[in-house]
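A.B. asks: Shown below is the structure under consideration.
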Amino acid sequence: MTSSKTSPSSTWRPATRQLHAGLERTEYGETSEALFLTSGFVYDNAEQAAATFRNEITHYQYSRFGNPTVAALERRLADLEGAEACIATSTGMGAVSSALLSHVKAGERVVASRALFGSCYWIVANLLPRYGVEIEFVDGTDLPQWERALSRPTAAVLLESPSNPMLDILDIAAISALAHKAGAIVVVDNVFASPIYQKPLELGADVVVYSCTKHIDGQGRVLGGAVLGSAEWISNTLQPFTRNTGNALSPFNAWVMLKGLETLSLRVDAMTHNAAAVADYLAAAPGVLSVRYPGRADHPQHALAARQMTGGGSLVAFEVRGGQEGAFAFMNALQLIAISNNLGDARSLVTHPATTTHSKIDAAERAALGITDGAIRFSVGLEDSQDLIDDLARGIAALPSA
Ligand SMILES: *Cc1c(COP(=O)(O)O)cnc(C)c1O
């Protein structure tokens with residue numbers, strides 16, 4: 001764990017921060033960050049090792065505890081987010097599970113939005129109760145439900161906005177105010193908005209988690225995650241947990257993420273530009289029953305999206321005619337856009353949530369989440385938007401007739 005240091009970076013804008021924040025060059029003056037691919041570190045003498053373990057001096061000990069390349073990524077992510085501190089984890093799920101498991105105890109309560117990434121849902125629904133944590137799911141867009149659920153003392157709230165896969169927008173400021181009255185910390189999974197378009201800490205949340213696998217690497221190479229929050233919470237609550245449970249990010253993956261960060265805003269802006277274009281195309285296309293895109297005026301929470309996000313993001317959800325048969329025919333007709341359940345990648349990817357990412361959730365719950373059999377999640381990439389639209393037209397042409 002490394003706290004972001006006060007530096008000239010405090011006045012830098014995001015495009016500059018993602019390139020320069022938190023850089024500590026070695027004596028060789030390398031331009032690109034050094035890759036410290038090492039599991040351990042050596043000491044000058046036994047006294048130095050002993051002093052390190054007594055926390056009297058700062059010295060790297062072991063890469064499960066900390067590594068210079070991982071620390072560079074943590075500093076840069078903290079800086080970009082406007083967080084005091086960051087711990088990078090081996091995956092996004094490592095970030096989500098550590099944030100919750102380090103904070104809650106048996107007998108305490110967690111309230112979560114029902115519309116969560118599949119594995120996040122599993123952690124809340126299946127894992128936490130096993131350890132004696134009481135859980136309650138709410139419809140995240142329904143503030144009175146949050147108010148009822150948070151009328152009792154609660155340890156933590158978990159939410160995702162925009163949510164996976166149907167892109168619901170949740171009111172982070174209002175939910176945070178209710179959660180704080182109940183004594184809860186608010187953990188926001190900010191993957192879909194990315195650090196470029198939404199700042200949950202400024203809206204009142206306490207902890208932000210990322211799957212860095214998504215837009216931060218963004219080029220389909222490595223897995224990673226990050227947890228960001230106050231220096232106090234990160235060092236006293238999260239760090240003892242991650243250090244001892246072994247959720248460390250590989251220095252190699254951290255280095256790849258640092259390279260990914262350099263172009264994060266460029267990629268996210270270009271993908272969002274494409275997403276807006278394909279959402280407009282799909283909304284007018286025959287056989288498309290509905291389109292969900294936070295940047296469109298017909299999104300049910302468009303006004304809220306405009307208030308708390310600075311861009312619509314790179315994901316579009318839509319429903320085609322013909323249920324699962326229609327969705328499969330549509331996807332199978334695509335030649336450019338690949339079928340894959342990953343997202344935030346430079347390449348455009350589609351998935352059918354009902355039979356993949358959300359197939360383990362029972363049908364009634366899926367229906368409550370608005371995931372119909374004809375729903376497709378589209379992670380829009382960096383291709384030319386006209387090529388994407390031409391490919392979508394192949395999908396439209398393949399739909400069963402009305
Ligand atoms: C992918 C994803 C995760 C999990 O991240 P991994 O890196 O795959 O472990 C968590 N939340 C959301 C919203 C995601 O999209």
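The values are calculated or read from the model by the stated rules, or taken from the named source; none is laboratory data. Quick caveat: nothing in here was measured; it's all calculated off a predicted structure. Quick reminder, even Gly has a Cβ in these numbers, built from the backbone with ideal geometry, and neighbours come from all protein chains shown. Keep in mind that these areas ignore ligands, DNA and RNA; they rest on the heavy atoms of the full protein, side chains included. Shrake-Rupley method; radii C 1.70, N 1.55, O 1.52, S 1.80 Å.
A.B. asks: Over the chain, what percent of the accessible surface lies on carbon and sulfur atoms, probe 1.4 Å?
C.D. replies: Ligands and nucleic acids excluded, carbon and sulfur give 53 percent.
A.B. asks: May I ask which residue of 85, 61, 99 lies farthest towards the positive end of the charge dipole of segment 61-108, with charges of +1 (Lys, Arg) and -1 (Asp, Glu) on Cβ and the Cα centre as origin?
C.D. replies: So the residue we want is 61.
A.B. asks: What number does segment 85-222 give for Rg over Rh if you use C-alpha atoms and the Kirkwood radius?
C.D. replies: Across segment 85-222, the Cα-based Rg/Rh ratio is 0.94.
A.B. asks: Under a 5 Å amide H to amide H cut-off, with H placed in plane at 1.01 Å, what residues pair with residue 381 once short-range neighbours are removed?
C.D. replies: 348, 349
A.B. asks: If you don't mind, another one. If you roll a 1.4 Å probe over the heavy atoms of the protein chains, what accessible area per residue do you get for the chain, in Å²?
C.D. replies: 41 Å²
A.B. asks: Compute the convex hull volume of the Cα atoms of the chain, divide it by the residue count, and report the result per residue in Å³ as a whole number.
C.D. replies: Per residue, the Cα convex hull of the chain comes to 140 Å³.
A.B. asks: On full extension of the chain, what length is gained from residue 148 through residue 48, given 0.36 nm per residue of separation minus the C-alpha to C-alpha distance?
C.D. replies: 30.5 nm is the gain from fully extending residue 148 to residue 48.
A.B. asks: Here's something else I'd like to know. Peptides 274-280, 141-147: what's the order by average Cβ count within 10 Å, highest mean first?
C.D. replies: The peptides rank, most packed first, as 274-280, 141-147.
A.B. asks: Count the lysine pairs in the chain whose Cα atoms lie under 27 Å apart, taking only pairs 8 or more positions apart in sequence or on different chains.
C.D. replies: Value for the chain: 10.
A.B. asks: Per residue of segment 256-262, in order, report the coupling 6.51 cos²θ - 1.76 cosθ + 1.60 (Karplus, θ = phi - 60°) as ³J(HN,Hα) in whole Hz, putting x for Gly and Pro.
C.D. replies: 4, 5, 4, 5, x, 4, 4
A.B. asks: Kindly write out, for segment 322-337 in residue order, the coupling ³J(HN,Hα) from the Karplus curve 6.51 cos²θ - 1.76 cosθ + 1.60 (θ = phi - 60°), rounded to whole Hz, with x marking Gly and Pro.
C.D. replies: Residue by residue, segment 322-337 yields x, x, 4, 4, x, 5, 5, 4, 4, 5, 5, 7, 6, 10, 9, 7 Hz.
A.B. asks: Okay, next question. Work out how much length residue 32 to residue 221 would gain on full extension: take 0.36 nm times their residue separation and subtract the Cα-Cα distance, in nm to one decimal.
C.D. replies: 66.2 nm
A.B. asks: Go through 313, 287, 248 and say which Cα lies farthest out towards the positive end of the charge dipole of segment 162-315; charges sit on Cβ, +1 for Lys and Arg, -1 for Asp and Glu.
C.D. replies: Among 313, 287, 248, the one farthest towards the positive end of the dipole of segment 162-315 is 248.
A.B. asks: Could you give the nm distance between label points at residue 122 and residue 368, where each point is 7 Å from its Cα heading toward the beta carbon?
C.D. replies: About 2.0 nm separates the two model spin labels.
A.B. asks: How long are the semi-axes of the equivalent ellipsoid of segment 1-141, taking √(5λ) for every eigenvalue λ of the Cα gyration tensor, in whole Å from largest down?
C.D. replies: Those come to 35, 22, 13 Å.
A.B. asks: Out of 239, 349, 300, whose Cα points farthest toward the positive end of the dipole of the chain (charges: +1 Lys, Arg; -1 Asp, Glu; placed on Cβ)?
C.D. replies: With unit charges placed on the Cβ atoms, the residue in question is 239.
A.B. asks: Counting Lys and Arg as +1 and Asp and Glu as -1, each charge on the Cβ, what is the dipole of segment 281-402 about the Cα centre in debye, to the nearest 20?
C.D. replies: Its charge dipole is roughly 280 debye.
A.B. asks: I've got another one for you. Nearest 0.05, what FRET efficiency do residue 297 and residue 402 give at R0 = 30 Å with Cβ-Cβ as r?
C.D. replies: Efficiency, rounded to the nearest 0.05: 0.70.
A.B. asks: Helix 264-283 against the longest principal axis of the chain: what's the angle in degrees, Cα atoms only, rounded to the nearest 10?
C.D. replies: For 264-283 against the chain, the angle is about 10 degrees.
A.B. asks: Amide H neighbours of residue 199 under 5 Å, at least 5 residues apart or on other chains, H built in the peptide plane: list them.
C.D. replies: none
A.B. asks: Continuing with the same structure: Enter the angle in degrees (range 0 to 90, nearest 10) between the Cα long axis of helix 68-81 and the first principal axis of the Cα atoms of the chain, meaning the one along which they spread out most.
C.D. replies: The helix 68-81 is inclined about 50 degrees to the chain.
A.B. asks: Same structure, new question: Explain nothing, just the number: dipole magnitude of the chain about its Cα centre with +1 on each Lys and Arg Cβ and -1 on each Asp and Glu Cβ, in debye rounded to the nearest 20.
C.D. replies: About 400 debye.
A.B. asks: Then there's this: Can you compute 3J(HN,Hα) from phi for each residue in segment 189-195, using the Karplus curve 6.51 cos²θ - 1.76 cosθ + 1.60 with θ = phi - 60°, rounded to whole Hz and x for Gly and Pro?
C.D. replies: So the J values, rounded to whole Hz, are 7, 9, 4, 5, 7, 6, x.
A.B. asks: How much length is gained if the chain between residue 25 and residue 231 is pulled fully straight, taking 0.36 nm per residue apart and subtracting their Cα-Cα distance, in nm to one decimal?
C.D. replies: That works out to 71.8 nm of additional length.
A.B. asks: Please compute one quarter of the surface area of the Cα convex hull for segment 264-397 and express it in square nanometres.
C.D. replies: 7.8 nm²
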